[in-house]
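Structure first, then comments.
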There are 2 protein chains.
Amino acid sequence: MELSDSWSAGSVAAVLPAGGSGERLGAARPKQFCALQGRPLVSHTARALERISWISDIIVVVSLEHIETMKSIIQKYGHKRITVVEGGVTRHRSIFNGLKIFAENKLSNCPLQKPEVVIIHDAVRPFIEEDILLKVVKAAKDHGAAGAIRPLVSTVVASSADGCLDHSLERARYRASEMPQAFLFDIIYQAYHQCNDYDLDYGTECLHLALKYCKTKAKLIEGSPDLWKVTYKRDLYAAESIIKDNLSQQVCVITDMKGDDVQVGFLLHETLKSHIKQVKRISVSLCKDDNYMQNIILGQCYNFICMHVKKSAFQETQQLVDILENANVSTLYPVVLISVHLNVSENASFSSEMEDLTRIKEFAREVKKKNILVYGLLIHYNKDDPQLQETVNSAATIISALIKDRNPELIGQLLVA
Amino acid sequence: MELSDSWSAGSVAAVLPAGGSGERLGAARPKQFCALQGRPLVSHTARALERISWISDIIVVVSLEHIETMKSIIQKYGHKRITVVEGGVTRHRSIFNGLKIFAENKLSNCPLQKPEVVIIHDAVRPFIEEDILLKVVKAAKDHGAAGAIRPLVSTVVASSADGCLDHSLERARYRASEMPQAFLFDIIYQAYHQCNDYDLDYGTECLHLALKYCKTKAKLIEGSPDLWKVTYKRDLYAAESIIKDNLSQQVCVITDMKGDDVQVGFLLHETLKSHIKQVKRISVSLCKDDNYMQNIILGQCYNFICMHVKKSAFQETQQLVDILENANVSTLYPVVLISVHLNVSENASFSSEMEDLTRIKEFAREVKKKNILVYGLLIHYNKDDPQLQETVNSAATIISALIKDRNPELIGQLLVA
Ligand SMILES: [Mg+2]
Ligand SMILES: [Mg+2]
């Protein structure tokens, strides 16, 4: 993102209205507080803004009753640069409250600096990327205001008083106005100051206020489908699936095997590549190197496979859990850890593995409290077995399924390839 | 649905355009042919119309290259009352082709009768319910045309030639036009006959044509959020989750236990009720009664738990598979079958179960070809165990997770409660 380098620090801030009641969702709690992979939606969105270095401050505006909830979310998930502000009774009043923090900072003790450009986004649009933010912010600098748009999915119709069709809009001429939007701070702040109570209570959106009160014609920027707003229950399902999909793109295989097991380890590594986009393989000793592990984690890897011959299995899995815990890998997302036991023998004898099972179940329950999901997988094979590749295929399929599902109810189970 | 009874047979038909290319989805195949729980989306939608007795004929319009695909879908999933028609290059031309089948039946050998009212729906809106269809059809009878609408999720904006905001529409005055729509056949057919090539190539929707060419002002009917159109990849995720959710509402527990096991069976049955909406319990003998089983299946139950003390486990599971297969339970959706093995003993001895495991895996692989997903669950407990309830809780959680996930990659595994 070359263009972002030239951005002077402190000139872009963001306001995230998160005060909605979520009526349309039909859920008990407002949708911005619904959990996706165990973490509230608003935290996912805040994180998406927070990782962008050139956004200096993020104001999250919530209703009075949710201020403590929001503060504990910030605490629990280690958010930085977020200030919680109390909202108003409508979306516009909430955004206005958020903007006031910057404008009135000389009156209060608030240390936030007034930004040149302010981004306004939605707490319920978690999949926001840097490129669209940058486009919208740059367009706002040039035009005073800018906003993301999308093609209309449905035809828009106007109804007459009797509930019948008055006319259909020509779909190609119109667009859906989405978020993010961005404004020169002085323009949007002035617009909010000048607008009347009707605007604040019933007005549809900020772009319109900037046009009406500041004669600023916003630049419209074509955005990606990912900008959509989590509105209905189905949108929560979709968001959960997208996050799971993103989390299952990478796996790190940790191995220190010698002898015959090297063959199976290599085979599994190769076979996994046709299931999972990126498969890394590191040794147990490397995994004890803090710097190396930090790089793996910065690379957004949330899945680990610990391979061992059966004797040392349990201790190594425990060691890896300690490493993952110390590196805070599981703060934002649940981490999947699959303990793969290679069992070479001529005669099947499962009983010793089954004795381990009770211990693994208890262990997995404990470790789940740290947001790490442990599963066991037994690869039982005979030397020079002609069906070895088939067994490894089965193992890769099970591993891939466990990573894609991230099912917390199946932790501690010992699956068999 | 009292009002539907008064409907005279043969007067309502439906046209389902399914010719879209699915560009927006970014998938290899058009979205209407993407699989949801293993079955193409268009089959789900066709089924939703087909189960409504007062819709006499359903015309599915597909592009030339998909005619054979569509015919094999009809064959494979046992669809009735569906006629496949070749589409045109645009949606409107496809719908027109569908309508012609009824109007020109005297010319061809087509036995379809011209309906009084024709429903037009989308192949990619699978969650259509009878009540909205009935409302739209009745309104079409009264007004000549009718269509489902939804509130706008986003503000709609018009852009000027330079890509800037021209004006925002007042959201409250407009609606999104969705499907289904319905028309007096003569009106929509006349509209299509009169409209020009520009309408057929670029026109947005049928309601507009009825207004423009027949001066028919369509009645607009508020629909539910379920009417949404599967457009993007996220919509496929959402649809899959909704279907899984619907499939996991009911479970049928089949048991014939005597002695100590009755206690565990009862406990599990009670505990499952807090995980799954509807839990039925029947005996093995009842399950061999064809009529009884047909009722269970008509009640849309796609999940079965077969409970046994360990000795007879395998044979009974096999018997149940035969019963489910003969009853064609798994034609439309994968059926989950969990074989629960109760193992009462003072000393844990897993080895005999583990010997069964290899057989269960092979069995499950075979049965999967019949769209039945078999999993094993071992409930190992000691008599008068104070932790029995905890073990049963664990079993219920695992059962519920298996039913909700319906994961084909984990079949044949023996999980332990
Ligand atoms: Mg339409
Ligand atoms: Mg908006």
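Derivation of every value follows stated rules applied to the coordinates shown; laboratory data play no part. Owing to the predicted nature of the structure, the values given are computational and were not obtained by experimental measurement. Don't worry about glycine lacking a Cβ; one is built from the backbone with ideal geometry, like all the others, and counts go over all protein chains shown.
What's the average, rounded to a whole number, of partner chain beta-carbon atoms within 10 Å of each residue's beta-carbon in B:166-176? All intermediate terms of the calculation are to be shown ahead of the outcome.
Working: counts 5, 5, 10, 7, 5, 5, 2, 3, 7, 7, 7.
Taking the mean over all residues of the peptide, I get 6.
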Subject >> Of A:35, A:220, A:155, farthest towards positive along the dipole that unit charges on Lys, Arg, Asp, Glu beta carbons give chain A >> reply: A:220
Original post:
If amide H atoms are built 1.01 Å from N in the plane of the peptide, which residues on other chains or at least 5 residues away come under 5 Å of the amide H of residue A:83?
Top reply: A:58, A:59, A:60
Subject >> Quarter of the Cα convex hull surface for region B:8-240, i.e. its orientation-mean projected area (nm²) >> reply: 13.7
**OP:** Place +1 on the Cβ of every Lys and Arg and -1 on the Cβ of every Asp and Glu in region B:248-416, take the dipole about the Cα centre, and give the residue among B:262, B:299, B:338 whose Cα lies farthest towards its positive end.
**Re:** B:299
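If we count other beta carbons within 10 Å of each Cβ, what is the order of A:341, B:193, B:79, fewest first? Write out the running numbers ahead of the final one.
Numbers: A:341 25, B:193 12, B:79 19.
Going from sparsest to densest Cβ surroundings: B:193, B:79, A:341.
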Original post:
Using modelled backbone amide H atoms (1.01 Å from N, in-plane), which distant-in-sequence or interchain residues come within less than 5 Å of residue A:36's amide H?
Top reply: A:41
**OP:** Fewest Cβ neighbours within 10 Å first, please rank A:12, A:309 accordingly.
**Re:** A:309, A:12
**OP:** Could you give the size of the charge dipole of the protein assembly as shown about its Cα centre, using +1 on the Cβ of each K and R and -1 on the Cβ of each D and E, expressed in debye and rounded to the nearest 20?
**Re:** 1420
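Averaged over its residues, how many other protein chain Cβ atoms are within 10 Å of peptide A:226-234's Cβ atoms?
Details: counts 3, 1, 5, 2, 0, 3, 6, 6, 12.
Going residue by residue through A:226-234 and averaging, the value is 4.
Based on Cβ point charges of +1 for Lys and Arg and -1 for Asp and Glu, what charge dipole magnitude is obtained for chain A about its Cα centre, in debye rounded to the nearest 20? Write out the running numbers ahead of the final one.
Working: 48 positive and 49 negative charges, 171 e Å.
So the magnitude is around 820 debye.
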Original post:
Mind listing the phi-derived Karplus ³J(HN,Hα) values for region B:209-219, rounded to whole Hz, using 6.51, -1.76 and 1.60 with θ = phi - 60°, and x for any glycine or proline?
Top reply: 5, 5, 5, 5, 9, 10, 6, 9, 8, 5, 6
Original post:
Given springs between every Cα pair under 10 Å in a Gaussian network model of chain B, which of B:405, B:322, B:166 has the largest fluctuation?
Top reply: B:166
Subject >> For region A:188-198, 3J(HN,Hα) per residue [Karplus equation, 6.51 cos²θ - 1.76 cosθ + 1.60, θ = phi - 60°, Hz, x = Gly/Pro] >> reply: 5, 5, 5, 4, 5, 5, 7, 6, 8, 4, 4
**OP:** Could you list the square roots of 5 times each eigenvalue of the Cα gyration tensor of region B:155-215, that is, the equivalent ellipsoid semi-axes, sorted largest first and rounded to whole Å?
**Re:** 29, 16, 9
**OP:** Divide by every residue of the protein assembly as shown the summed helix terms, -39500 (n - 2.57) for each DSSP H run of at least 4, and state the resulting mean residue ellipticity at 222 nm, rounded to the nearest 500 deg cm²/dmol.
**Re:** -12000 deg cm²/dmol
Original post:
Which shape class, rounded, prolate or oblate, goes with chain A when its Cα gyration tensor gives a ≥ b ≥ c as root eigenvalues, a/c under 1.5 marks rounded, and past that a/b bigger than b/c marks prolate?
Top reply: prolate
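Explain nothing, just the number: dipole magnitude of region B:136-256 about its Cα centre with +1 on each Lys and Arg Cβ and -1 on each Asp and Glu Cβ, in debye rounded to the nearest 20.
On the way: 14 positive and 16 negative charges, 79 e Å.
Magnitude of the dipole: close to 380 debye.
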Original post:
How far is the Cα center of region B:26-51 from the Cα center of region B:125-188, in Å?
Top reply: 23
Original post:
What Rg and what Dmax come out for region B:248-416 when only alpha-carbon atoms are used, in angstroms?
Top reply: 14.8, 44
**OP:** Between beta-carbons, use under 11 Å as the cut-off and find the net charge around residue B:60, counting Lys and Arg +1, Asp and Glu -1.
**Re:** -1
Subject >> More than 16 angstrom apart: percent of Cα pairs within region B:229-293 >> reply: 61
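Multiplying the sequence separation of residue B:86 and residue B:173 by 0.36 nm and subtracting their Cα-Cα distance, what value in nm do you get?
Values: separation 87, 0.36 × 87 = 31.32 nm, distance 3.81 nm.
Contour length minus the Cα-Cα distance gives 27.5 nm.
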Original post:
Of B:146, B:167, B:124, which is farthest on the positive side of the dipole of region B:123-174, counting Cα position, with +1 on Lys and Arg Cβ, -1 on Asp and Glu Cβ, and the Cα centre as origin?
Top reply: B:146
Original post:
Which whole number gives the average, over all residues in A:156-162, of C-beta atoms from other chains lying within 10 Å of the residue C-beta?
Top reply: 6
Subject >> GNM flexibility winner over chain A from A:222, A:104, A:50 (Cα, springs under 10 Å) >> reply: A:104
Subject >> Longest to shortest principal axis, alpha-carbon extents of region B:187-276, angstrom >> reply: 78, 27, 21
Original post:
Of the residues A:80, A:277, A:100, which exhibits the maximal mean-square fluctuation in a Gaussian network model of chain A defined by a 10 Å Cα contact cut-off?
Top reply: A:277
Original post:
Rg and Dmax of the protein assembly as shown, using alpha carbons, in Å: what are they?
Top reply: 29.8, 84
Subject >> Whole-angstrom gap from region B:200-232 to region B:395-412, using each part's C-alpha centre >> reply: 41
Original post:
Would you list A:276, B:128 from fewest to most Cβ contacts within 10 Å?
Top reply: A:276, B:128
**OP:** May I ask which of B:114/B:138; A:273/B:370; A:277/A:369; A:100/A:138; B:138/B:229; A:277/A:404 have a Cα-Cα span longer than 20 Å here?
**Re:** A:273/B:370; A:277/A:369; A:100/A:138; B:138/B:229
Original post:
For residue A:144, which sequence-distant residues (separation of 5 or more, or a different chain) have an amide H within less than 5 Å of its own amide H, given hydrogens modelled in the peptide plane?
Top reply: A:184
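Determine one quarter of the surface area of the Cα convex hull of region A:195-247, which equals its mean projected area, and express it in nm² to one decimal. Don't jump to the answer; show the numbers that get you there.
On the way: hull surface 22.0 nm².
Taking the Cα atoms of region A:195-247, their convex hull projects to 5.5 nm² on average.
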Subject >> Phi to ³J(HN,Hα) by Karplus 6.51 cos²θ - 1.76 cosθ + 1.60 over region B:335-340, Hz, x for Gly, Pro >> reply: 9, 9, 10, 9, 8, 9
